[in-house]
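See structure below.
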Amino acid sequence: MESLLAGRTIDEPIVDTVGCRLTFPVRDKHQKDGLTYEKDVAPILMTKCVGCHSKGGIGPFALSSHRKVVGWSEMMEEVLLNRRMPPWQADPHYGRFQHSLSLTAEERQVLLHWLGGSMDRDQSVEDPLEQNIPVHKEWALGTPDQVIPIPEQTIAATGIMDYLHIQMDLPFDQDVWVKGYDIRPGNTKVLHHIIAYILEMHDGQWERRGFLAGYAPGMGPEEFPLNSGVLLKQGQKLEFELHYTTCGTPEVDQSQMGLYLHKTAPEKTLHTGIIMDDSFRIPPQDGNFKHSRTTRIKQDIVLYSMNPHMHLRGKAMRFRVKMPDKSEQILLSVPDYNFNWQRNYRLTDPLRIPGGSVLTVDAAWDNSPLNTANPDPSRQVGWGDQSFDEMFFATYHFTVEAAENSSKSQFSLAD
Ligand code: HEC
């Protein structure tokens, strides 16, 4: 190295290095035994890819046959290696989640080793992908009990759009309990998010009393946990918060919200807890700026799901709990937060958390130029509605053990 830097002839250009040889026993085994498209590969594609990569799904192409898989094989190899696909940001070491798309190490190896080989298939049997093409229904959870059209919006080609807030009367002539919802985005090119709040009149003012539904890219329909629901009472209103991001051409959006209703009142109210903080200031160029916020859980609760939210500089978010007996547990860790894939992570096994426990959310942002999504690394960044500003906004959904369903406010803001 010294010779090279000094521009001298290099006396000894090759030297032996000390180290151990790398072996790839799983790859060798896969090569020896042979992986089959039908038995080994197609089942993984069917559970982890085809749900989106099919006609009517959100993936940009359909993995609907062996021929299609071979055609996309190089790109598939790349996205499997850099872990862009399947899109699932939660660390599989913490918590178990419904509808997890995460690939196990073994599944990833099977796909990569098969893609690296001859990619043959057994012509004497039917192609499993052709036999199992998913049908995407207009509403994934079935026909809603009530479809609420959200007023159509025209979005200019360029510029920054403030949040729009649209109030709407409830379309019911009695109190109803909502057990699930599906927000169907009209135009995903420009729609950044939709939140449906519940408004109630207090001292002559309409105030937000609860959270009903939300949509952001990556989110699907929600079925509330069994025996829980969100009450919509006569005299209340809905408020839709709509946020659009312009995309270079004029666009129109007409989104819809489908509501599914309980026939009889459920046992519990589903609450939304919010842990938010607007006090952070992310320094320019900082690649790993951290901020945490805690809240005390007041009563015994059952936790169902968690939803991390930051913007384009968001890097990692984590939920952890310290129980009254001092034991600590990480509930959800998203080490590779991605603004394009926002999810409500639903626990496979809902967790009972005793009153007096402390819930902490840790966030980290990447305001360096190495973050390719970063709109401007030279700026100090604080809280703001727009994606070029940031947020620390984590929500979680729970029922209260002692309480019946109640008409009290659903929100429980951090202390
Ligand atoms: C939750 C839906 C979803 C799942 C599941 C999913 N994809 Fe995708 N995939 C997408 C979307 C949306 C895009 C386009 C946007 C993007 O590239 O992020 C995409 C893009 C791709 C691309 C093209 C990348 C590019 O830059 O052109 C490949 C290849 C791909 N996916 C392979 C896979 C494979 C293989 C799996 C399963 C192991 C998988 N996907 C699972 C939604 C999904």
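The values are calculated or read from the model by the stated rules, or taken from the named source; none is laboratory data. In this text, all values refer to a predicted model and were calculated from it rather than measured experimentally. Reconstructed Cβ throughout: ideal geometry from the backbone, glycine too, with neighbour counts over all protein chains shown.
Taking interchain pairs and intrachain pairs at least six residues apart, which have beta carbon atoms under 6 angstrom, with the first residue in region 79-102 and more than 23 Å from VAL321 (Cα to Cα) and the second more than 13 Å from the ligand (Cβ to nearest atom)?
SER102/PRO92
Please specify each residue of region 58-77 satisfying the condition of being more than 7 Å from the ligand (Cβ to nearest atom) and either under 18 Å from the mean Cα position of the chain (by Cα) or part of a helix (DSSP H, G or I) (or both).
Hits for region 58-77 are HIS66, ARG67, LYS68, VAL69, VAL70, GLY71, SER73, GLU74, GLU77.
How many of the residues making up region 177-196 are in a loop (DSSP other than H, G, I, E, B) and among the small types (Gly, Ala, Ser)?
1
What are the residues in region 286-315 that are more than 24 Å from PHE339 (Cβ to Cβ) and among the hydrophobic types (A, V, I, L, M, F, W, C), if any?
Within region 286-315, ILE297, ILE301, VAL302, LEU303 qualify.
The rows are residues; the columns are (1) farther than 21 Å from GLY287 by Cα; (2) modelled with pLDDT under 95; (3) in the same structural domain as GLU200 (by TED's automatic domain parsing); (4) surrounded by fewer than 19 Cβ atoms within 10 Å (Cβ to Cβ).
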residue	(1), (2), (3), (4)
PRO375	no, no, no, yes
VAL381	no, no, no, no
GLU390	no, no, no, no
GLU401	yes, yes, no, yes
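So MET85 passes all but one of these: (1) within 11 Å of the ligand (Cβ to nearest atom); (2) loosely packed, with under 14 Cβ neighbours inside 10 Å. Which condition number does it fail?
Going through (1) within 11 Å of the ligand (Cβ to nearest atom); (2) loosely packed, with under 14 Cβ neighbours inside 10 Å one by one, MET85 breaks only (2).
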